[in-house]
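The values are calculated or read from the model by the stated rules, or taken from the named source; none is laboratory data. What you see is a predicted model; the values in this text were computed from it and never measured. Note: ideal-geometry Cβ built from the backbone for every residue, glycine included; neighbour counts use all protein chains shown. Accessible surface is based on the protein model in full, side chains and every heavy atom, while ligands, DNA and RNA are left aside. Shrake-Rupley method; radii C 1.70, N 1.55, O 1.52, S 1.80 Å.
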Amino acid sequence: MEQYKQEFIEFMVESDVLKFGEFMLKSGRKSPFFMNAGAYVTGSQLKKLGEYYAKAIHDVYGDDFDVLFGPAYKGIPISVVTAVAYSELYGKEIRYCSDRKEEKDHGADKGSFLGSKIQDGDRVVMIEDVTTSGKSMEETVPKVRGAADVEIVGLMVSLNRMEVGKGGEKSALEEVKELYGFDTNAIVTMEEVVAHLYNKPCNGKIVIDDTLKTAIDSYYKIYGVK
């Protein structure tokens, strides 16, 4: 596993973004882990977050794209900090764009988007925190494709939970790929998280011990992608 991925896993734990225990998800599933990107709140955390996203996107998509699109609301700061990091790390100016939940009908920047205007010929990378159901893509992909003649190159999320999506057979990321026809990726997968943290110290303590590993394994027996 690449060094930045290992660092990112520890960063998620240190930032209290990736938690372990017992959590009731929106889907009604009782999960032994939970990720909340809203817990990145300080300047240094957001700077690092942008750098990890930029490295992962550069690894997968290189420099051949023009716009980072972050769906409202959590995708907005992620797309901004990643665009900044891309400029600093790779010297490439990438524009950022996000959607508004409600269209603005006054002022010079009225419309349904924030940031850069989407233009014909743009190559767009979608950027999100985590995809569990693909609902945000359902709302934003038609908006992006309807705004101009663009190519959506792919989607990058923080964590691939590696569990079945709405269809009950494939992961949410695979469902998005099949439905919209673009590539889907994550900085890290839950499999990589478990491999890196199981019985290994992180910040001086064991995050995933035998008991938690058993709970995670049991969860994946029910909800994991077969």
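Summary of values
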| quantity | calculated |
| --- | --- |
| Farthest positive-ward along region 128-187 dipole, Cα basis, beta-carbon charges - from 181, 136, 155 | 136 |
| Gap separating the Cα centres of region 23-69 and region 154-226, nearest whole Å | 14 |
| Built amide H within the under 5 Å cut-off of residue 2, gap 5+ | none |
| Accessible area expressed per residue, the chain, with surrounding protein chains retained (probe 1.4 Å, Å²) | 50 |
| For residue 225, net neighbour charge (Lys/Arg +1, Asp/Glu -1) across residues whose Cβ lies under 9 Å away | -1 |
| Computed log₁₀ I(q)/I(0) - Debye formula, equal Cα scatterers, no solvent, region 10-121, q 0.13, 0.22 Å⁻¹ | -0.62, -1.18 |
| Solvent-accessible area, 1.4 Å probe, carbon plus sulfur percent, for the chain | 49 |
| Equivalent ellipsoid dimensions for region 80-226 as semi-axes, Å, which come from the Cα gyration tensor, largest first | 34, 20, 13 |
| The chain, relative contact order in percent, only Cα pairs under 8 angstrom and at least six apart counted | 16 |
| Electrostatic dipole magnitude of the chain [Cβ: Lys, Arg +1; Asp, Glu -1; Cα centre; debye, to 20] | 640 |
